[in-house]
Amino acid sequence: MWNMGNDMGTMTSSVVQMSKDVTSMSQNVGRIAGRMEVMAKSMVDGQAGMSKDLAAMRVGMESMSGYIQGMGGDMKTMAGDIGILNKNISAMSINMANMNQSMAIMNNSMLRMSSDINKFTRPESIINAFR
């Protein structure tokens, strides 16, 4: 009987301790649930903020895409203008070469004319030419 009473006392103590453990566990789970609620709210708020940021980023990317397309068109136009400039420079170079050739011909003609004028202004040079 005494053993049975002793065992009952031990069992009662164990049940009391289990009750304390369950109470402690319940409080811990309650705190965890509160923290998880805060975390879930933070995630929802964070997703809303990220959604706004991503929407703004999308608008910026679309705008940048438009600018890049415009820049591509401008570059194409500039390439065409550079091609025209190259043709004009080439034509100018050809004209300059022609002008240089004409100047050389004119210089030769002027030299011959100078020689002829010299001969006509000094008749003795004409006579001496035949001696």
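The values are calculated or read from the model by the stated rules, or taken from the named source; none is laboratory data. Predicted, not measured: the structure shown is a model, and the values here were computed from it. Here the Cβ is made from the backbone with ideal geometry for all residues, glycine too, and neighbour counts use every protein chain on show.
This table checks each residue for (1) surrounded by 10 or more Cβ atoms within 10 Å (Cβ to Cβ); (2) at pLDDT below 90; (3) not hydroxyl-bearing (S, T, Y).
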{"site": "G46", "(1), (2), (3)": "yes, yes, yes"}
{"site": "M57", "(1), (2), (3)": "yes, yes, yes"}
{"site": "S65", "(1), (2), (3)": "yes, yes, no"}
{"site": "D74", "(1), (2), (3)": "yes, no, yes"}
{"site": "S93", "(1), (2), (3)": "yes, no, no"}
{"site": "N98", "(1), (2), (3)": "yes, no, yes"}
{"site": "Q101", "(1), (2), (3)": "yes, no, yes"}
{"site": "S114", "(1), (2), (3)": "yes, yes, no"}
Exercise for the section: For G49, indicate whether it is of a type in the set (G, A, S), under 38 Å from the mean Cα position of the chain (by Cα) and in a helix (DSSP H, G or I). Expected result: yes
